[in-house]
Structure formats: structure tokens, C-alpha cells
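Following: one structure in C-alpha cells, then a few remarks.
Derivation of every value follows stated rules applied to the coordinates shown; laboratory data play no part. These numbers were taken from a predicted model, which means no experiment stands behind them. All Cβ positions, even for glycine, are placed from backbone atoms using ideal geometry, and neighbour counts span all protein chains on display.
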Amino acid sequence: MDAFLREIEDRDGPDLIRLLGGVFAEYPGCVLDVDAEEPWLRAPASALERGWVVEHEGHARGCIALTTRDDGVVMLRKCYLDARLRGRGWGRRLVEQVLDSAREAGARRVELWTDTRFTTAHRVYERLGFVFTGGVRALDDLSDTDELHYALDLG
């Protein structure tokens, strides 16, 4: 069975914990501590404004979410994809799902913060029209993460 995109559900939590654990393990120094830093993984549909997963072979193997700021800007969040599904267009489809939802809601802009280590994701964002704004922030987390800020005007 091929993969497909669907709305995120709370039952996806264990799969998403495995997914993020696998993604983080690809990068030296990147640590997943669910309870300390990613508690949304325990009940993702309840914790997130809106989200989607790529389901493959009965398991959530990719995810993405969005939140809407008070100024109407949509924030793309929680974009992760199992290494086995990369290079098959699923990263692009996940991001396009957020862009489509943002457009449907009348948002004028989508922004995101991405770990400096996730260079493949940066290329996906850039191919879809996102521009690095020059913004950089340190998260002061267990993984000593620095993030880059990207934005895409929808207007």
C-alpha cells in the first residue's frame, strides 16, 4: 500500500515519538525528550491547532502542523518525515497542505522556524518559495538548537 495524507489523530502519538526519535538520531547532539520538550507528542491532535500525517504501512511516517498567530500569519510547525519516504515528494506535499490550508483561511503569509541542521528541509522550503529572512534564534534546549526563520507571502 502506498502512503497517503490524513488529519492527525491522538492515536498517532507513539508513531510520531518513533518518527521524531529517528529524525533526531540522524543529527549528532539532537536529543528527543518527549516530556521535557515535546509533550504535544502524547496527544498530538488535542495539542495542535491543526495537523496532518503521512500514513504508510499503517503507521504515521511524517507530520506537519500549523498554528495561526493573532495577526493572521500562519506558522508552519512540526514538519518531520521518515528517511524512507524522503525524495518521493512527501515533504513537498506536507508543506503544500499547510499552504493550501493557509490560503483557504485567507492568510497573507506563512512563516516557519527550522533547525539549522535540517538542510534538506531548507531546500524544500526554498523550492516552494520560502525566503530566509535573516532571522536566527537559539532555543536553549537539550539539543542546543539554533533555528533559521523563513517566510512566504501568499498575497
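Whose amide H sits under 5 Å from the amide H of R109, counting only residues 5 or more places off or on another chain, with H placed in the peptide plane? Residues meeting the criterion, in which the H sits 1.01 Å from N, are V74, L154. For I8, the amide hydrogen comes within under 5 Å of the amide hydrogens of G51, W52, V53, counting only partners 5 or more places away or on other chains and with H modelled in the peptide plane. Each Cα pair under 8 Å and six or more residues apart adds its sequence gap; the mean of these over the residue count of the chain is a relative contact order of 20 percent.
Couplings 3J(HN,Hα) for the range 61-72, derived from phi with the Karplus relation 6.51 cos²θ - 1.76 cosθ + 1.60 (θ = phi - 60°), are 10, x, 8, 7, 8, 9, 9, 10, 6, 4, 8, x Hz, where x marks Gly and Pro. Each of L41, W90, L16 was placed along the dipole of the chain (beta-carbon charges, centred on the mean Cα), and the one lying farthest toward the positive end is W90. Counting only other residues whose beta carbon sits under 11 Å from that of R92, what net charge do I get with K and R as +1, D and E as -1? Once all neighbours under 11 Å are counted, the net charge is +4.
Across the range 24-36, rounded Karplus estimates of 3J(HN,Hα) from the backbone phi angles (6.51 cos²θ - 1.76 cosθ + 1.60, θ = phi - 60°) give 4, 5, 6, 10, x, x, 8, 10, 10, 10, 4, 5, 7 Hz, Gly and Pro being marked x. Karplus-based coupling profile of the range 93-98, in residue order and whole Hz: 5, 4, 5, 4, 4, 5, with θ = phi - 60° in 6.51 cos²θ - 1.76 cosθ + 1.60 and x standing for Gly or Pro. Between D153 and R86, the FRET efficiency estimated from the beta carbon spacing at R0 = 30 angstrom works out to 0.65.
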